[in-house]
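The values are calculated or read from the model by the stated rules, or taken from the named source; none is laboratory data. Quick caveat: nothing in here was measured; it's all calculated off a predicted structure. Every residue, glycine among them, receives a Cβ derived from its backbone with ideal geometry; neighbour counts consider all protein chains shown. Please note that ligands, DNA and RNA were not included when accessible areas were found on the heavy atoms of the full protein model with its side chains. Shrake-Rupley method; radii C 1.70, N 1.55, O 1.52, S 1.80 Å.
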Amino acid sequence: MKYVTEYRNSRQARAIASELEHAAQPGRQYRFMEFCGGHTHVLARWGLTDLLPGNVRMIHGPGCPVCVLPIGRIDMAMEAALQHKAILCTYADTLRVPASGGKSLFMAKAEGADIRMVYSPMDALAVARDNPQREVVFFAIGFETTTPPTAVCLLQAKKEGIKNFSVICSHVLTPAAMEHILVTAPRREAAPVLDGLVGPAHVSVVIGSEPYRVFADKWKMPVVICGFEPLDMLMTILMLVRQVNEGRHEVENEFTRAVTPEGNLIAKKLMERVFRVRDSFEWRGLGSVPHSALRLSPEFEEFDAERRFGLVERQVPDSKACQCGAILRGEKEPFECKAFGRACTPAHPIGACMVSSEGACAAFYSYGRLRRGSEKSPAA
């Protein structure tokens, strides 16, 4: 398959790994954080960390959209379905995220709430068309990748005058979270020292490479935008190592086959019309992050489910048995959580990081990385 098969070549993977071995300077540590759940998945699935020199470490950041969703937002969605008797539509992984008291939207559905899994916002809009006598709420989550489809859906709802449709807008912004990790690091005792950042793939297709310029200019931090295949990741790590060695701090784009400096201008224009940036937003594991999420613009406030039903987000702490917050901040690896692989599994998740396939815990569990030093064969 074009643009896939050629990026999974084992011979080329070994060649890049050999270059990395020579590039990594003895006595120096290289610590790079990826901000994309797909990248965490790639590292675990293909056993790429086993190909890296011992002094090159990959640290997993808050890159899984389901994982960073705070309990209070899920409770709001549950309230819309249970108390206001709305039909609640959302993506599959969201249904399984533990909320207050260990309850989930799946459990609420079992109790009689009308909660439906959809593949896109347009599916939720179709439900509203088919049920004009019922309120239909779309629980919109995700980074900049899933935001344009929500914008298109709201434009269509407005065009058709569909009055029984609304949205709980929980879309979040990646660069704000990346900067928050750097800003708060001095205040977090366990915060890892970072030498470079792996820029997300799908997000960057939408927003482009320019938004990462602040990390190079202000933070003097190397950034390389990375694709989703094993050779993408190995090449990205090599590019970061070279930047560190040469004392450079630039934004480089390894994923040139999909990412441009300006991004998707049509999608960005849609987002600017339909949404406004919130002053702050609660993230699981990160707390309140300034200017890190979106709300509906005045033109589309009629579709705001929070206003329509008087929904109020409440801060709810995670389970004490779960280390998801520390894992999202890069302070711990999944196998450092006592519940990981024991009480907490994909079949019975305690924390959000075990729910989604993009979560670090789910990725580690699925590919046998159950303890430090777990071996995994490289790509064949």
Counted residues in segment 73-125 being at pLDDT 95 or above, surrounded by fewer than 17 Cβ atoms within 10 Å (Cβ to Cβ) and under 20 Å from the mean Cα position of the chain (by Cα) come to 3
Taking segment 26-48 and keeping residues outside any helix (DSSP H, G or I) and open to solvent by 70 Å² or more (accessible area, probe 1.4 Å) leaves P26, G27, R28, Q29
For segment 204-220, pairs from a residue that is charged (D, E, K, R) to a residue that is open to solvent by less than 20 Å² (accessible area, probe 1.4 Å) and assigned to a loop (DSSP other than H, G, I, E, B), with Cβ under 6 Å and 6 or more apart or across chains, are none
When every residue in segment 1-25 that is in contact (Cβ under 8 Å) with a residue 24 or more places away in the chain and of a type in the set (K, R) is compared, the one surrounded by the fewest Cβ atoms within 10 Å (Cβ to Cβ) is R14
Selection from segment 49-91 of residues among the β-branched types (V, I, T) and part of a strand (DSSP E or B) yields V56, I59, I87, T90
Checklist entry - What do you reckon, is T236 among the hydroxyl-bearing types (S, T, Y) and surrounded by 14 or more Cβ atoms within 10 Å (Cβ to Cβ)? => result yes
Just one listed residue, out of K320, K332, is out of contact with any Leu (no Cβ under 9 Å at 6 or more places or on another chain), within 17 Å of G359 (Cα to Cα) and open to solvent by 40 Å² or more (accessible area, probe 1.4 Å), and it is K332
For segment 317-339, pairs from a residue that is of a type in the set (S, T, Y) to a residue that is part of a loop (DSSP other than H, G, I, E, B) and crowded, with 23+ Cβ neighbours inside 10 Å, with Cβ under 6 Å and 6 or more apart or across chains, are S319/I350
The one condition C353 fails out of (1) of a type outside the set (V, I, T); (2) touching a Gly at 6+ places or on another chain (Cβ under 6 Å); (3) open to solvent by less than 10 Å² (accessible area, probe 1.4 Å); (4) part of a loop (DSSP other than H, G, I, E, B) is (4)
Taking first residues from segment 280-307 that are closer than 16 Å to T147 by Cα and touching a residue at least 12 places away in the same chain (Cβ under 8 Å) and second residues anywhere that are aromatic (F, W, Y) and not in a strand (DSSP E or B), the pairs with Cβ under 7 Å that are 6 or more apart or on different chains are L296/F303
Scanning segment 281-312 residue by residue, those outside any helix (DSSP H, G or I) and open to solvent by 60 Å² or more (accessible area, probe 1.4 Å) turn out to be S288, P290, H291, R295, V312
| said: Whether any residue in segment 356-365 is at pLDDT 90 or above, surrounded by fewer than 24 Cβ atoms within 10 Å (Cβ to Cβ), under 21 Å from the mean Cα position of the chain (by Cα) and not aliphatic (A, V, I, L, M) is what I want to check. | reply: yes
